[in-house]
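So the structure is just underneath, and the comments pick up after that.
The values are calculated or read from the model by the stated rules, or taken from the named source; none is laboratory data. Since the structure is predicted, the reported quantities are computational estimates derived from the model, not experimental observations. No Cβ is skipped: glycine too gets one built from the backbone with ideal geometry, and neighbour counts run over all protein chains shown.
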Amino acid sequence: MKVTVRPAEGHEIKFGALFQDYQYSIGQFNRGPTTTAAAPTAIAGTSVYASDAKNYTGTITWKYSRPDDMWFDWNATVYGNRTDNDQVKTYNNRITPGGGVCTLANPGNNISGCVGDRRGYLLDTVGIDVNNTTRFNVGDWRNALTYGFDAFQDDVKTFDSRGNSNITTPSGQRPSPAASCS
């Protein structure tokens, strides 16, 4: 969805929203048996997860540009994004004792958990991107100076009941400010 408003000459404000929803499996099933004496690890496959990923994006952009205004050619965007990925382990390779099914004798794979285990990742991002171009002449030379900044912050929440996703993708905040001039 996108809505554009032009409240005054040279001004344009856009509101945008996007929603995506994906269901898919990730990983690789067992590829065996083969007609050769392939090593068991060559055909074993990996863990497979049923994934339900949702992505939400919202933006507000304000642009100002007029041919007679040499000082301002403005563009500012404020945005937010949420990615929510919930996964359930549906398969584990055949080499793992018990096939990845949790029992008292097989407490599971300490890296990726057991069949039926849940894990999830929630990533919230907010940010701003602002730039302006100033134009000026020096003799016969036409010049443009573009300057601005952008900054964002990620807030990550990871849930993994038995595997190591809390270690490989830890929860926390990740800021990243930047500025540029050209």
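Of note:
- Being touching a Ser or Thr at 6+ places or on another chain (Cβ under 9 Å) and either at pLDDT 75 or above or surrounded by 14 or more Cβ atoms within 10 Å (Cβ to Cβ) (or both) is a description that applies to Gly163.
- Candidate set: the range 1-38, residues that are surrounded by fewer than 14 Cβ atoms within 10 Å (Cβ to Cβ) and of a type in the set (D, E, K, R); chosen: the one modelled with the lowest pLDDT: Arg31
- Selection count where residues are of a type in the set (D, E, K, R) and not in a strand (DSSP E or B), scope the range 159-174: 1
- Positions within the range 39-72 being of a type in the set (D, E, K, R) and modelled with pLDDT of 95 or more, in sequence order: Asp52, Lys54, Lys63
- Any pair with Cβ under 8 angstrom, 6 or more apart, that starts in the range 125-153 at a residue that is touching a residue at least 12 places away in the same chain (Cβ under 8 Å) and under 30 Å from Asn55 (Cβ atoms) and ends at one that is basic (Lys, Arg) and exposed (fewer than 13 other Cβ atoms within 10 Å of the Cβ): Gln153/Arg174
- Against the criterion of being of a type in the set (A, V, I, L, M, F, W, C) and either modelled with pLDDT under 95 or outside any strand (DSSP E or B) (or both), Ala76 does not qualify.
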